[in-house]
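The values are calculated or read from the model by the stated rules, or taken from the named source; none is laboratory data. Every value quoted in this text rests on a predicted model; they were computed, and no experiment measured them. As a convention, Cβ positions derive from the backbone with ideal geometry for all residues, glycine included, and neighbour counts pool all protein chains shown. Keep in mind that these areas ignore ligands, DNA and RNA; they rest on the heavy atoms of the full protein, side chains included. Shrake-Rupley method; radii C 1.70, N 1.55, O 1.52, S 1.80 Å.
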Amino acid sequence: MNNKFFPSNFMFILMMIMGTIMSLSSSHWLMMWMGLELNLMGILPLMNIKSKNLEIESSMKYFIIQSMSSSLFIMSSIFMYLSSISMFSMFNNSMFSSIMTISLLIKLGSAPFHFWLPAMCKQMSWMMLFLILTWQKLAPLFMLSFINYNYMIMITASFISSIFGSIQAINQSSLQLIMVYSSISHLGWMLPACSTNNSIMFIYLMFYSIIILPLFISFSKKSSFFIYSLTEQNNLMNKEYIFIMSLILSLGGIPPMLGFLSKLMMLNFLLKMNMIMLSLILFMGTLISLYFYLNLMMMMMTKSFYMFNMKKMNMMDMKSIMCMNMLGTIIFIPMILYAMNIFNKSQSYWHIMLHFWNLISIISNLFKFNNSYWISTTSIFIKWWSIM
């Protein structure tokens, strides 16, 4: 941001944060709408800090779309309030509740109301794009969870977002457009959990934000806006490509990355709700999105000769890469097992965790004594049988 106007920037950031908190903490639809408007007034000046023509154009597009959806939201809520007793029991009109749901889907940029999002985001900086794709989705997602009517609209928007977001990103050469369509595809995974389980939706959004933040920071430092900018043959950049590739694999949902755990958690939730067809469609959308994720990796691998020169690679680099990849699995598996209650058996939670950590210790002993001759298969089998 521009340091010359830092006090005003701080005020706008505070307005954006307070608007979202007001929408999340309120129990009245009018206060939620006021929080959305406060959030919009805070983020619009941040979008055109550098006063470039492209940023001003994107901020105007964002203002027009958000004001139109806010108008639909407040008009539908007023009409429902007039035909009911109070704001808390006003979902008795299917048409106006559908309009309210559609207005929030427009704010989110969900398919088939997503055409404004790529046209606006391809002219932004990477940090503003991060705010649009993560923070700005928090309040509308939680407001969707309060609408207990017309759940089929969200289910339809979910599988359309997953398929369309994956297909439209295939032939793109702009990294910003690829990330925008990837966000639309991930939004298709978050929408089914809106009306049933807010915690799973929030955990998925948090994991997605954790994955794309270092990726966007890396692209911002290198001023990378197109795929061909990833093919620069600088040795320093080629070392960092390994970490970028691990983040891209995590976005694609490849195990044992953090993105795989969020998709596994959502799939387990959908199968428990007997939404088998929706799970299949979301899974197909993820398989399609793997094409352009792997395409990005191929662009980096074919031009990154450092990665094929393994003699120069320090073992500390390899250890840090392995630790980074396994961190998402080892840390978050106990919490997810506890939150999801996967093992609904007579065994207690801590007994399951004891099995888990004993298994990890056996695997580490195998790697430690791999070159020794005195360890035998029998001793491994006896140790495994003892913890069972």
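Annotations
- Whether segment 31-178 is rounded, prolate or oblate, judged on the alpha carbon gyration tensor where a/c under 1.5 counts as rounded: oblate
- Peptides 101-110, 173-182 ordered by average Cβ neighbours within 10 Å, highest first: 101-110, 173-182
- Cross-link table Lys137/Lys221; Lys137/Lys263; Lys50/Lys263; Lys61/Lys272; Lys122/Lys272, entries beyond 30 Å C-alpha to C-alpha: Lys50/Lys263; Lys61/Lys272; Lys122/Lys272
- Segment 107-180: C-alpha gyration tensor shape, a/c 1.5 cut-off, then a/b vs b/c: oblate
- Overall, segment 14-321 carries a charge dipole of about 620 debye about its Cα centre when +1 sits on the Cβ of Lys and Arg and -1 on the Cβ of Asp and Glu, all other atoms neutral.
- Electrostatic dipole magnitude of segment 1-160 [Cβ: Lys, Arg +1; Asp, Glu -1; Cα centre; debye, to 20]: 320
- Neighbour net charge for Phe115 - beta-carbon separation under 13 angstrom, K R +1, D E -1: +2
- For segment 103-118, backbone phi angles converted through the Karplus equation (6.51, -1.76, 1.60; θ = phi - 60°) give residue-by-residue couplings of 4, 6, 5, 5, 4, 6, x, 7, 5, x, 10, 9, 5, 6, 5, x Hz, Gly and Pro being listed as x.
- Here is the list for segment 1-80: trypsin sites (Lys or Arg not before Pro) lying in DSSP coil, each with at most 16 other C-beta atoms within 10 angstrom of its C-beta, are Lys50, Lys52.
- Rolling a 1.4 Å probe over the protein chains gives Leu290 an accessible area of about 40 Å².
- Ordered from largest to smallest accessible area (heavy atoms of protein chains, 1.4 Å probe), the residues Leu271, Leu282, Leu249 come out as Leu271, Leu249, Leu282.
- For Phe113, the amide hydrogen comes within under 5 Å of no other amide hydrogen, counting only partners 5 or more places away or on other chains and with H modelled in the peptide plane.
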